[in-house]
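Chemist: One structure, as structure tokens, below. Some questions next.
The values are calculated or read from the model by the stated rules, or taken from the named source; none is laboratory data. Fair warning: this is a prediction, and the values are worked out from it, not measured in the lab. Please note: Cβ atoms are built from the backbone with ideal geometry, for glycine as well, and neighbour counts cover all protein chains shown.
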Amino acid sequence: MSDNREERKEQQHEEEKTILNQDIKNDNGSSPASGTDQPQLQEEETLEQKLEAKDKRIKELEEENLALKDQYLRKAADLENFRKRMLKEKQEAIQFANRQLLLDLLHVLDDFERAIKSAENSKDFDSFHEGIMMIEKRLYELLERKWGLKRLESVGQPFDPTKHEAITSEERPDHEVSIVLEDYQKGYSLHDKIIRTAKVKVSMPKAKDTYTINNEQNTMAGT
């Protein structure tokens, strides 16, 4: 009987010891039931966090893309509006480039109207002719002073194909070179650049004989 009691006590002691060890393991988080599932749970939590982070980044990129697209469309619209405005201003500048010149010429038209009315009333040709000459002079002075237009004086000048256009000619034995004899139509320059050549009559120098030409060529060769 005493032996059985001792065995039961010892068995009970072992059971208590086993229970105590299990409690200690459970407190340390290493119970047999959770020990095998913990790594898999942690892996699932990590994967879910990564997916959430990716979804968040995708959303941020989509919002950024929409913002950049909107900004691009606004810039493109501004550029198109600027292009249209510049084109319109350019067209207006071309259309009204001669505005001031035309305003100046209106004064000349006024002078012509007054001269015509005066001639109709007085029937005085001399006065009308004098008035026309005054208007022509005033017009030329206006264009020369304000716009840089200059009339070419050709008569008596050596013929220059950059300034003159020979319409007719006349032999002049006393001339060494071609000289402008008559001015049929005036030539003009604008800021020292020829814009219209003068239509003129020029002299034709006497043709040189062969002996004179040979002498001149030999002289030039010797120099």
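Chemist: Tally the residues that are on the phi < 0 side of the Ramachandran plot, of a type outside the set (S, T, N, Q) and not in a helix (DSSP H, G or I), restricting the search to the range 94-147. So that I can check it myself, show each step before the final result.
Modeler: Of the residues in the range 94-147, the ones on the phi < 0 side of the Ramachandran plot are 94-122, 124-147.
Filter once more, so that each one left must be of a type outside the set (S, T, N, Q): 94, 96-97, 99, 101-117, 119-120, 124-126, 128-147.
If we keep only those that are not in a helix (DSSP H, G or I) as well, we get 96-97, 124.
Within the range 94-147, residues that are on the phi < 0 side of the Ramachandran plot, of a type outside the set (S, T, N, Q) and not in a helix (DSSP H, G or I) number 3.
Chemist: Can you name the residue in the range 171-188 that is of a type in the set (D, E, K, R) and surrounded by 12 or more Cβ atoms within 10 Å (Cβ to Cβ) and is also nearest to Val202 (Cα to Cα) among such residues? Before the answer, list the steps.
Modeler: Of the range 171-188, the ones of a type in the set (D, E, K, R) are 171-172, 174, 176, 182-183, 186.
If we keep only those that are surrounded by 12 or more Cβ atoms within 10 Å (Cβ to Cβ) too, we end up with 172, 182-183, 186.
Numbers: Arg172: 9, Glu182: 7, Asp183: 9, Lys186: 14 Å.
Taking the candidates together, the pick is Glu182.
Chemist: Based on this model, can you work out whether Ser178 counts as at pLDDT below 95, assigned by TED's automatic domain parsing to the domain that holds Gln100 and of a type in the set (Ser, Thr, Tyr)?
Modeler: Values: at pLDDT below 95: yes; assigned by TED's automatic domain parsing to the domain that holds Gln100: no; of a type in the set (Ser, Thr, Tyr): yes.
Judged against the criteria, Ser178 is not a match.
Chemist: Quick check on this structure: which one of Leu79, Leu47 is surrounded by 10 or more Cβ atoms within 10 Å (Cβ to Cβ) and over 41 Å from the mean Cα position of the chain (by Cα)? Please lay out each step first, then the result.
Modeler: Values: Leu79 fails: over 41 Å from the mean Cα position of the chain (by Cα).
When all the criteria are applied, what remains is Leu47.
Chemist: Which one of these does Arg196 not meet: (1) under 23 Å from Leu105 (Cα atoms); (2) touching a residue at least 24 places away in the same chain (Cβ under 8 Å)?
Modeler: Arg196 satisfies every listed condition except (2).
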